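S.K.: Next up is a structure, given as structure tokens.
The values are calculated or read from the model by the stated rules, or taken from the named source; none is laboratory data. Worth saying up front: this structure is predicted, and the values here are computed from it rather than measured. With ideal geometry, Cβ positions are generated from the backbone for all residues, glycine too; neighbour counts draw on all protein chains shown.
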Amino acid sequence: MKKVLVTGASGFIGRHCLPFLNDKAFEVNAVCRNPPEDNTSNIKWHQADLLAPGQIKRLIDLIQPTHLLHFAWYAEPGKYWHSTENIRWVRASLNLMQEFAERGGERIVMAGSCAEYDWNQGVFSETITHLLPKSLYGVCKNSLQALLSAYSKQVGISSAWGRIFFVYGPFEHPVRLVPSVINSLLEGKPAQCSHGNQIRDYLYVSDAAEAFTALLESNVEGPINIGSGEPVKIKKIISHTAEKLGESRRVHFGALPSPEGEPPVLVADTQKLFTQLGWRPKIDLDEGLNRTINWWKSLAGK
């Protein structure tokens with residue numbers, strides 16, 4: 001039987017992967033620090049702190065997974081870019097990788113980031129664009145990718161690296177762009193925004209989860225961009241969200257300064273995703289925003 005260990009399984013993307021993996025006949029073993037108490041699915045939850053000594057070895061010995069899908073990382077908005085916690089997660093990830101391989105693991109897929117690229121390029125290709133991360137987070141992710149690639153070739157296991165661009169949808173941290181705009185408008189408050197002319201690549205979270213599931217099941221090796229490939233202005237996302245809520249007048253573009261050094265364009269080249277992996281997004285921006293708004297409305301009791 002195929003057994004997958006999913007780290008960061010209660011996180012934004014990880015939690016959305018679980019039903020897809022379950023449907024693919026994996027025995028799904030999900031690990032996080034605080035597993036849910038009312039689990040009614042076929043998911044096997046495990047409590048563990050991957051940064052604590054001995055926890056990874058105990059977990060791998062218990063589960064004996066054939067596949068590893070690794071999302072766990074430090075991700076506090078506004079802090080993770082330059083936090084030294086990134087170093088601790090590189091160490092934990094290397095430990096996880098080795099313990100998995102030494103106990104017969106077959107395939108590893110880890111989550112990377114578009115922060116690994118040289119942001120002066122605009123559109124990012126896995127084979128052409130230079131890797132020149134500017135943050136400690138990006139440096140750590142990029143270093144781990146290089147180590148994963150070299151190590152997996154050395155010991156003879158299969159591996160891939162999903163470089164995530166911009167993901168939105170249910171369970172996203174409330175301070176991030178889409179939920180912060182939705183919640184401000186639901187509360188009757190103004191949505192304070194920057195100029196909004198930045199061009200980005202946004203992917204609905206269930207699509208991101210399905211892409212990672214397809215990647216885990218495949219034989220595709222190395223880095224692969226996880227994105228929509230569709231450039232969209234931040235202003236368009238915010239305006240559409242406000243229109244759907246009937247609150248366009250509460251959006252204040254230019255009320256906030258743009259972060260220093262923010263690139264004008266960040267878009268994924270999705271040729272490898274679409275052709276080699278054979279996967280394409282299912283949820284367009286309009287439908288994704290509808291689903292996201294309805295989810296936040298349900299939490300607010302509206």
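S.K.: Could you tell me whether Pro179 is without any contact (Cβ under 8 Å) to a residue 24 or more places away in the chain, not basic (Lys, Arg) and not assigned by TED's automatic domain parsing to the domain that holds Leu94?
M.R.: Values: without any contact (Cβ under 8 Å) to a residue 24 or more places away in the chain: no; not basic (Lys, Arg): yes; not assigned by TED's automatic domain parsing to the domain that holds Leu94: yes.
It is false that Pro179 is without any contact (Cβ under 8 Å) to a residue 24 or more places away in the chain, not basic (Lys, Arg) and not assigned by TED's automatic domain parsing to the domain that holds Leu94.
S.K.: Condition first: among the acidic types (Asp, Glu) and closer than 23 Å to Ala214 by Cα. Now tell me which residues in the stretch 280-295 satisfy that. Reasoning before the result, please.
M.R.: Initially, the stretch 280-295 is screened for residues among the acidic types (Asp, Glu), giving 284, 286-287.
Answer for the stretch 280-295, where residues must be among the acidic types (Asp, Glu) and closer than 23 Å to Ala214 by Cα: Asp284, Glu287.
S.K.: Check Leu245, Leu277 and return the single one that is closer than 23 Å to Ala211 by Cβ, surrounded by 15 or more Cβ atoms within 10 Å (Cβ to Cβ) and either among the hydroxyl-bearing types (Ser, Thr, Tyr) or modelled with pLDDT of 95 or more (or both).
M.R.: On the way: Leu245 fails: closer than 23 Å to Ala211 by Cβ.
The match here is Leu277.
S.K.: While we're here: Can you find a residue that is part of a helix (DSSP H, G or I) and in the same structural domain as Val28 (by TED's automatic domain parsing) anywhere in the stretch 219-237?
M.R.: Just the residues of the stretch 219-237 that are part of a helix (DSSP H, G or I), to begin with: 234-237.
Filter once more, so that each one left must be in the same structural domain as Val28 (by TED's automatic domain parsing): none.
Among the residues of the stretch 219-237, not one is part of a helix (DSSP H, G or I) and in the same structural domain as Val28 (by TED's automatic domain parsing), which makes the answer no.
S.K.: Here's something else I'd like to know. Restricting to the stretch 280-302, give me the number of residues that are part of a loop (DSSP other than H, G, I, E, B) and either modelled with pLDDT under 95 or over 20 Å from the mean Cα position of the chain (by Cα) (or both).
M.R.: Narrowing the stretch 280-302 to residues part of a loop (DSSP other than H, G, I, E, B): 280-284, 301-302.
Add one more test, that the residue is either modelled with pLDDT under 95 or over 20 Å from the mean Cα position of the chain (by Cα) (or both), and what stays is 301-302.
Counting residues in the stretch 280-302 that are part of a loop (DSSP other than H, G, I, E, B) and either modelled with pLDDT under 95 or over 20 Å from the mean Cα position of the chain (by Cα) (or both) gives 2.
S.K.: Has the stretch 197-204 got any residue that is charged (D, E, K, R) and in a strand (DSSP E or B)? Steps first, please.
M.R.: If we filter the stretch 197-204 for residues that are charged (D, E, K, R), which is where we start, we get 200-201.
Cutting the leftovers down to in a strand (DSSP E or B) gives us 200-201.
Yes, that holds for at least one residue.
S.K.: Cβ-Cβ distance below 6 Å, separation of 6 or more or different chains: which pairs start in the stretch 3-25 with a residue that is farther than 11 Å from Trp45 by Cα and end on one that is among the aromatic types (Phe, Trp, Tyr) and surrounded by fewer than 19 Cβ atoms within 10 Å (Cβ to Cβ)?
M.R.: Phe12/Phe171
S.K.: Related question: Within the stretch 133-183, work out how many residues are outside any helix (DSSP H, G or I) and among the basic types (Lys, Arg). Even if it seems obvious, please write down each step before you answer.
M.R.: Going through the stretch 133-183, the residues outside any helix (DSSP H, G or I) turn out to be 133-135, 156-176.
Restricting the remaining residues to those that are among the basic types (Lys, Arg) gives 134, 163, 176.
Final tally of qualifying residues: 3.
S.K.: Give the residues of the stretch 1-21 that are part of a strand (DSSP E or B) and not β-branched (Val, Ile, Thr), sorted by residue number. First the steps, then the outcome.
M.R.: Let us first name the residues in the stretch 1-21 that are part of a strand (DSSP E or B), namely 3-7.
Lys3, Leu5, listed by residue number.
S.K.: Could you list, in sequence order, all residues of the stretch 265-274 that are of a type outside the set (Val, Ile, Thr) and either surrounded by 18 or more Cβ atoms within 10 Å (Cβ to Cβ) or at pLDDT below 95 (or both)? Break it down stepwise before answering.
M.R.: If we filter the stretch 265-274 for residues that are of a type outside the set (Val, Ile, Thr), which is where we start, we get 266, 268-269, 271-274.
Passing the criteria: Leu266, Ala268, Asp269, Leu273.
S.K.: So which residues in the stretch 260-278 are part of a loop (DSSP other than H, G, I, E, B) and touching a residue at least 60 places away in the same chain (Cβ under 8 Å)? So that I can check it myself, show each step before the final result.
M.R.: In the first step, residues of the stretch 260-278 are kept if they are part of a loop (DSSP other than H, G, I, E, B); the result is 260-264, 266, 269-270, 277-278.
Within the stretch 260-278, Gly261, Glu262, Pro263, Pro264, Leu266, Asp269, Leu277, Gly278 meet the criteria.
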